[in-house]
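A quick write-up on the structure given underneath.
The values are calculated or read from the model by the stated rules, or taken from the named source; none is laboratory data. For clarity, every value in this text was computed on a predicted model and none was experimentally measured. Cβ placement follows ideal geometry from the backbone for every residue including glycine, while neighbour counts extend to all protein chains displayed.
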Amino acid sequence: MSIDKAQLAQRLSREAFYVTQEKGTERPFTGEYNDHWEAGDYHCVCCDARLFTQAHKFNAGCGWPSFFEQTDDSNVVFREDNSHGMVRTEIVCKHCDAHLGHVFDDGPAPTGQRYCVNSVSLSFK
Ligand SMILES: [Zn+2]
């Protein structure tokens with residue numbers, strides 16, 4: 001699925017466009033979902049694919065919404081990221097390629113994973 005970038009630029013906030021389309025990062029502790037614990041699901045802000053759910057969210061203290069697992073929909077895919085002199089694993093939306101954040105292997109049981117996600121990449125439902 002390809003998304004019209006001009007339409008996205010109109011629909012999204014400037015920061016959401018920057019993060020999802022230009023692989024930006026929101027400033028820590030500023031995102032609206034960093035300290036957000038309502039029950040519900042987190043969808044891709046660009047294409048509405050379901051990505052994460054509240055049951056997998058935990059407080060990592062890193063300043064970004066953190067999840068130890070994605071949903072069974074498997075809409076989050078992984079890419080090697082060697083930018084900024086680091087080897088990291090980027091996470092993107094499977095359907096529209098939106099940049100979401102990175103995944104690290106210092107998360108809690110049972111997965112040991114920490115999906116570190118920008119709030120502006122997400123839409124809560
Ligand atoms: Zn998407």
Exercise. Given the residues D106, D73, D41, which is the only one that is more than 16 Å from K125 (Cα to Cα), at pLDDT 95 or above and not aromatic (F, W, Y)?
Worked result: D106
Seminar exercise, completed: Subset of the range 78-125, residues under 11 Å from the mean Cα position of the chain (by Cα) and of a type in the set (V, I, T), comes to I91, V92, V103, V117, V120
Exercise. Are there any pairs, at least 6 apart or on different chains, whose C-beta atoms fall under 6 Å, with the first in the range 70-91 and free of Cβ contacts under 8 Å to residues at least 40 places away in the same chain and part of a loop (DSSP other than H, G, I, E, B) and the second within 16 Å of the ligand (Cβ to nearest atom) and of a type in the set (K, R), and if so, which?
Worked result: T71/R50; D73/R50; N75/K94
Exercise. For the subset of the range 92-125 comprising residues that are part of a loop (DSSP other than H, G, I, E, B) and within 16 Å of the ligand (Cβ to nearest atom), which member is surrounded by the fewest Cβ atoms within 10 Å (Cβ to Cβ)?
Worked result: K125
Exercise. Which of the following residues is of a type in the set (S, T, N, Q) and in a loop (DSSP other than H, G, I, E, B): T30, T20?
Worked result: T30
Seminar exercise, completed: Conditions (1) more than 16 Å from the ligand (Cβ to nearest atom); (2) surrounded by 15 or more Cβ atoms within 10 Å (Cβ to Cβ); (3) aromatic (F, W, Y); (4) more than 19 Å from D105 (Cβ to Cβ) -> Y42 fails only (1)
Problem set entry | Extreme residue, nearest to the ligand (Cβ to nearest atom), among residues of the range 50-73 that are over 19 Å from T25 (Cβ atoms) and touching a Lys or Arg at 6+ places or on another chain (Cβ under 7 Å) | D73
For this session: Kindly list the number of the only condition in (1) on the phi > 0 side of the Ramachandran plot; (2) away from the ligand (no atom under 14 Å from the Cβ) that fails for W37.
Result: (1)
